Amino acid sequence: MKRLASLLCGEWTDGAGGERTLEDAATGEGVATVASGGLDLGAAVAWGRRVGGASLRAMSFAERAAVLKAMAGVVHEQREHLIDVSRQGGTTRGDAKFDIDGASGTLSYYAYLGKTLGDRKVLLDGEAEPVLRSKRFVGQHVRFSRRGIAVHINAFNFPAWGMAEKAAVSLLAGVPLITKPGTATSMLTHRIVELWHEAGILPEGSVQLLMGGVGDLLDHLGPQDVVAFTGGSETAASIRRHPNLVKHNVALNIEADSLNAAVLGPDIEVGSDTFFMFVNDVVRDMTQKCGQKCTAVRRIFVPTHLADAVQEHLADQLGRNAVGDPEGKDTRVGPVASRSQHRSVQAGIAALEAATTKVWQGEIPDGAGFFVRPSLFRSDAGLDTAYVHEHEVFGPVATILTWPGDVDGLVDLVAAGGGGLVCSVYSDEVGFGGDAVSGLAPWHGRILWGSKKVHDQSPGPGTVLPSFIHGGPGKAGGGSELGGLRGLELYMPRTAIQADQGLLKRVFGE
């Protein structure tokens, strides 16, 4: 069985103790092991700060961009090989491409942004402003790279894309990183970092890889460091309370649970382009990656008079997505990624069966793999269906919730989810659509407004694009990633510098 080592202090290092086995999600068979016990993570943090920080800060944005371009090139060139590696996590070919292409695409996007920034090493934030009445003595807000290291703790669902989106922003900002993938699917992350390392394209000390558990890594962080976490709300809460992070006010970005909503407007006619845009988006998000997307639709809000038709069309479309061996030609939905995830989703389905009405459920193959039945539920009880508004079942599962059609009632229902990453609203009316988007915006990091003129032009609400922010308030974690150059703000804090205008221009440019 293959052993996956960590890349720390420039060397591949195997842990001793705390061993975990990675299983093939389609068969349940062990395929690799990882261990993080006994690793000197304090040394890794110090080495990354000293060596990686110096390497990156000596480079301009354009030079860092060239590194990102090379990283993207390796992922793209090795695409077919990485798709094969990805199968360990239960992904179909389409799901694997979604993850891997998302990784190379995000790296390429930030490479382009870095190239446009040119030879600079800092970012000006706004215009210079006079200090009191002086025309010569001015203040300028400037963003500088942190003198620390970024710890990226990633989720299991996107072992390529999730790792790359954090790495692209951190490296462009000039901050070295330690990436820790979700263990269940970490074979793909390990292979990508291995390929980058073999290609010799990474500045020394800029990227380290920790396999297995976090260990005492967070104990070694200080006031110039960053933690970016994607995962469950319980783990997020424990990170927020970590004594060392609290003591040093370590910068923290959290993306946690999200009960994302899809809203069908009362103006939409059954069979219209907007209606089928809504149906197709919901089905895609329920089935892609076996519903294991942080942006997947969990709650489907439908006006009462349209509920039966929506239920019928969703069940019909869902029934056309065969569940099975991810390598099967006709398979559209593979297994969930791990044994523990399988138990969690099965428990969530059982809880939804007790709280709502099950209106459709798919079939799964026999065998030892981690397959779950795609399931569609319905509740006409609104706010009284507490479980639906409080718990995210991280699999191919969603619930239809009916409401009379008024905007105020809708906003209250959606807001019961506590804040989300994304909400989609489908309406052709300026009145309802505008009011719904405006009312729901404070509760979400991103909103997709679907309508007849764009019904065939959207990648769907579940697709995270690097040019737009990814994050959300409340239950979703309160964080924000990506968003073009906005993503660099976590790694490049703002300082107000007051000085002679001429000196400022000579040092930092216009």
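The values are calculated or read from the model by the stated rules, or taken from the named source; none is laboratory data. Everything numeric in this text was worked out from a predicted model, so none of it was measured. Using ideal geometry, Cβ is built from the backbone for each residue, glycine included, and neighbour counts are taken over all protein chains shown.
Values for this structure:
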read-out: Residue under evaluation residue 86, criteria (1) buried (at least 18 other Cβ atoms within 10 Å of the Cβ); (2) touching a Gly at 6+ places or on another chain (Cβ under 8 Å), criterion not met; value: (2)
read-out: Qualifying residue in the stretch 316-324 (condition: out of contact with any Phe, Trp or Tyr (no Cβ under 8 Å at 6 or more places or on another chain) and over 25 Å from residue 280 (Cβ atoms)); value: no
read-out: Count of residues meeting criterion [surrounded by fewer than 17 Cβ atoms within 10 Å (Cβ to Cβ), part of a loop (DSSP other than H, G, I, E, B) and at pLDDT 95 or above] in the stretch 221-241; value: 3
read-out: Residues within the stretch 43-62 that are over 24 Å from residue 187 (Cα atoms) and in contact with a His (Cβ under 8 Å, 6 or more places away or on another chain), tallied; value: 1
read-out: Contacts under 7 angstrom Cβ, first residue in the stretch 31-57 being under 30 Å from residue 338 (Cβ atoms) and outside the structural domain of residue 215 (by TED's automatic domain parsing), partner part of a helix (DSSP H, G or I) and of a type in the set (Ser, Thr, Tyr), 6 or more apart; value: 34/183; 34/186
read-out: Matching strands (runs of 3 or more DSSP E) fully within the stretch 293-406 where at least 2 residues are surrounded by fewer than 18 Cβ atoms within 10 Å (Cβ to Cβ) and more than 24 Å from the chain's Cα centre (by Cα); value: 357-361
read-out: Strands (runs of 3 or more DSSP E) lying entirely in the stretch 119-220 (those with 1 or more residues that are in contact (Cβ under 8 Å) with a residue 12 or more places away in the chain, within 25 Å of the chain's Cα centre (by Cα) and farther than 30 Å from residue 504 by Cα); value: 150-153, 177-180, 207-209
read-out: Candidate set from the stretch 377-410 (those that are of a type in the set (A, V, I, L, M, F, W, C) and free of Cβ contacts under 8 Å to residues at least 60 places away in the same chain); member that is farthest from residue 429 (Cα to Cα); value: 386
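So that you can scan it fast, the table gives a plain yes or no per residue for (1) among the hydroxyl-bearing types (Ser, Thr, Tyr); (2) assigned to a helix (DSSP H, G or I):
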| site | (1), (2) |
| --- | --- |
| 16 | no, no |
| 42 | no, yes |
| 46 | no, yes |
| 49 | no, yes |
| 55 | yes, yes |
